[in-house]
Amino acid sequence: MVQGEVMKVGVVGLGYVGLVTATVLASRGNELVGIDIDTSRIEALNRGRIPIVEPGLDELFRQSRDRMSFHTDFSRLGGCRVVFITLPTPTVDGRIDLSALIAGCDGVARHAPGCDIAIKSTVVPGTARMIGQRTGMNVIANPEFTREGSAVMDTEKPDRVVVGGKETSRVEEIWAFTGAPVIRTTWENAEMIKYASNAFLACKISFINEMADLCEKIPGCDVEIVAAGMGMDRRIGPHFLRAGLGYGGSCFPKDTEALASYARERGTRLSLVESAMDVNSRRILHVADAADRIVPLKGARVALLGLAFKENTDDLRGSRSLLLLSELLRRGAHVTVYDPVVRYAPDGVYMARDLASAVEGSDIIILATEWPEFRQLEKMALSVPVFDGRRLLNPSSFSNYSGVGYSCG
Ligand code: UGA
C-alpha cells in the first residue's frame, strides 16, 4: 500500500457525500478546494456553517476548517492533483441522468487539466470510460459505500476501496490512511460493484419484508427473531435484515431503477431487482392498511414518529415516512408528526416539539423512522395502540403493540 501523501484535492458537488469526503480528506492534512454551484451553500460553508445533519461532521469540519475553501468558480481547482466528483446522478423517467456529472467533469477538465478525475457519484458502467474519452483526462471510478447517518465513520473506515481505471495510484494514495483493502480493476467493474452492492442490499431488505408479511399471517411468528436466526449464518449475515416500511433515501430507490432500466436496454432483465422494487412499492399501503385495521384512520388522531428517511440524518429525500404521511392524510387522519431533527412539516400537519407532546391525545402512534430516541416510548406506560413500522421497540413494554412482521402475544 502506498503511504498517504498530503495533496491539493478538489471536491465538486457538496451534498452529503461531497461534504463528508471533503471534510475527512481535509482532516487528513490535504488542502481542500470544494466547488458547488449553489451560492448560498458556499457562503454558509465559508462562514463555517454545515447545512446538513451528520454525526461527527461538525466537529471534524471545525478542526479542519483552515485547510478548506469553498467556491462556485471551477478555476479555483487549478493545481489540484485529484478532483473528486460527487455530483448527483438522478433517475429521470427511469433512466440515469448524467448531465450534471458531465458538465462538472467538463469544468474540471477546463480548469485543472493536469489532475486526475475520481468519480464518486453512482454511475452506470461505461460512464468513467466515456468521461475519459470526452475530456482526455485520467479518470478513475472510485465509488463510495458510505451510509448517511454514519458517513464520517464509513469514509474513514471503509470495508474496501474500489479504484477502476488505468492509472489509479494517486487516488489510492489519498485513501491509504484508511488501511482498507484495495480492489484495483477496470472502470466498468468498479461501477458495477457499486450498483450490484446497492441492488443486493435492496433485495435483502425486500426479502425480509416479504418474510415479515408471511410472519404476520402465522400466529406466534416474529420476523425479528427469524431475521436474527438467519443472520447468525455467516453466509447470510445479520445486516440489512430489518423489516419495516421499506427502503427509502436518495440511493436505493434511484439506483435499483437505473440499474434495472440499464439492464433492459442491454437486453437482459434483472427480475430479482425488479421484484425487490415491486415489494418496496407496496410497503406503504401495507402499513397503512395494518394501522387502519387497528384504528379506523378516517378522523383518527395519529402521532407519526419520524420524518427523515432513516435515523441520524435530517435528509427527507425518498423518505418512506413522508409517503406514509400522504397516505394517512388521504385516508382522512389528523396527523401530528415529530422528528428529533427535522423541523419542517408539510401543510396541514402539526409538528410537535417533543415526543411526549406528539403522542399526547393520539388514537394511534405509528413509528416510521428508526430514531433511537423513540425507545423512550417504552417507559411512558402508554395504553394507546402503538404500530411499530421499524421494529425498534420492545413489544412487551406496551399493552397494545403491533408491528411489521409481528404476530405474537
Ligand atoms: C446506501 C448504502 O447503504 C450505502 O452503502 C451507499 O453508499 C449509499 O446508499 C449510496 O449509494 O450513496 P443510505 O441510503 O445512506 O446508504 O442508507 P441505508 O442505511 O442503506 O438505508 C437505506 C434505506 O433502507 C433506509 O430507508 C433504511 O431505513 C432502509 N433499511 C435499511 C431497511 O429498511 N432495513 C434495513 O435492514 C436497512
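The values are calculated or read from the model by the stated rules, or taken from the named source; none is laboratory data. Note that the coordinates shown come from a computational prediction; the quantities given were computed from them, not determined experimentally. Cβ: placed from backbone, ideal geometry, glycine included. Neighbour counts: every protein chain shown.
All of 28, 95, 110 fail the test of being at pLDDT below 95 and out of contact with any Lys or Arg (no Cβ under 9 Å at 6 or more places or on another chain), apart from 95. Checked against (1) within 14 Å of the ligand (Cβ to nearest atom); (2) aliphatic (A, V, I, L, M); (3) in a helix (DSSP H, G or I); (4) closer than 13 Å to residue 119 by Cα, residue 171 passes all but condition (1).
For residue 112, the requirement of being of a type in the set (Gly, Ala, Ser), under 15 Å from residue 163 (Cβ atoms) and buried (at least 21 other Cβ atoms within 10 Å of the Cβ) is not met. For the range 151-179, the set of residues classified as under 23 Å from the mean Cα position of the chain (by Cα) and surrounded by fewer than 17 Cβ atoms within 10 Å (Cβ to Cβ) consists of 153, 157, 159, 160, listed by residue number. Would you check if residue 154 is touching a helix residue (DSSP H, G or I) at 6+ places or on another chain (Cβ under 7 Å) and free of Cβ contacts under 8 Å to residues at least 60 places away in the same chain? When the stated conditions are applied, residue 154 does not pass them.
The number of residues in the range 236-264 that are charged (D, E, K, R), touching a residue at least 60 places away in the same chain (Cβ under 8 Å) and either farther than 27 Å from residue 151 by Cβ or in contact with a helix residue (DSSP H, G or I) (Cβ under 8 Å, 6 or more places away or on another chain) (or both) comes to 3. Scanning the range 293-310 turns up at least one residue that is over 29 Å from residue 399 (Cβ atoms) and surrounded by 17 or more Cβ atoms within 10 Å (Cβ to Cβ). Taking the conditions (1) in contact with a helix residue (DSSP H, G or I) (Cβ under 9 Å, 6 or more places away or on another chain); (2) closer than 20 Å to residue 243 by Cα in turn, residue 371 satisfies each one other than (1).
Quick check on residue 64: is it among the polar types (S, T, N, Q) and either farther than 22 Å from residue 104 by Cβ or in contact with a Ser or Thr (Cβ under 8 Å, 6 or more places away or on another chain) (or both)? Taking the combined requirement at face value, the residue satisfies it. For the range 217-232, a residue qualifies if it is within 16 Å of the ligand (Cβ to nearest atom) and either outside any helix (DSSP H, G or I) or of a type outside the set (A, V, I, L, M) (or both), and the qualifying residues are 222, 224, 229, 231, 232. Only a single item in (1) of a type in the set (Val, Ile, Thr); (2) surrounded by fewer than 24 Cβ atoms within 10 Å (Cβ to Cβ); (3) closer than 22 Å to residue 313 by Cα is not met by residue 11, and it is number (2). Suppose the filter is farther than 24 Å from residue 149 by Cβ and hydrophobic (A, V, I, L, M, F, W, C); does residue 352 pass it? Here the answer is no, as residue 352 does not meet what is asked.
Residue-by-condition table, conditions (1) of a type in the set (Asp, Glu); (2) under 16 Å from residue 369 (Cβ atoms); (3) not in a helix (DSSP H, G or I):
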residue	(1), (2), (3)
234	no, no, yes
239	no, no, yes
247	no, yes, yes
250	no, yes, yes
255	yes, no, no
267	no, no, yes
275	no, no, no
286	no, no, no
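Beta carbons closer than 6 Å, at least 6 apart along the sequence or on distinct chains, pair a first residue in the range 190-211 that is farther than 15 Å from residue 121 by Cα and in a helix (DSSP H, G or I) with a second that is of a type in the set (Gly, Ala, Ser) and within 11 Å of the ligand (Cβ to nearest atom) for 208/227; 208/243; 209/243. Evaluated against (1) surrounded by fewer than 23 Cβ atoms within 10 Å (Cβ to Cβ); (2) more than 15 Å from the ligand (Cβ to nearest atom), residue 128 falls short on exactly one condition, (1). Taking every residue in the range 98-125 that is more than 15 Å from residue 88 (Cα to Cα) and pairing it with any residue that is in a loop (DSSP other than H, G, I, E, B) and of a type in the set (S, T, N, Q), at least 6 positions away or on another chain, the pairs with Cβ-Cβ distances below 9 Å are 116/168. As a summary of the residue check, residue 321 satisfies the conditions (1) away from the ligand (no atom under 16 Å from the Cβ); (2) in contact (Cβ under 8 Å) with a residue 60 or more places away in the chain; (3) buried (at least 22 other Cβ atoms within 10 Å of the Cβ) except for the one numbered (1). In the range 343-357, the condition of being surrounded by 17 or more Cβ atoms within 10 Å (Cβ to Cβ), more than 30 Å from residue 50 (Cα to Cα) and in contact (Cβ under 8 Å) with a residue 40 or more places away in the chain is met by no residue.
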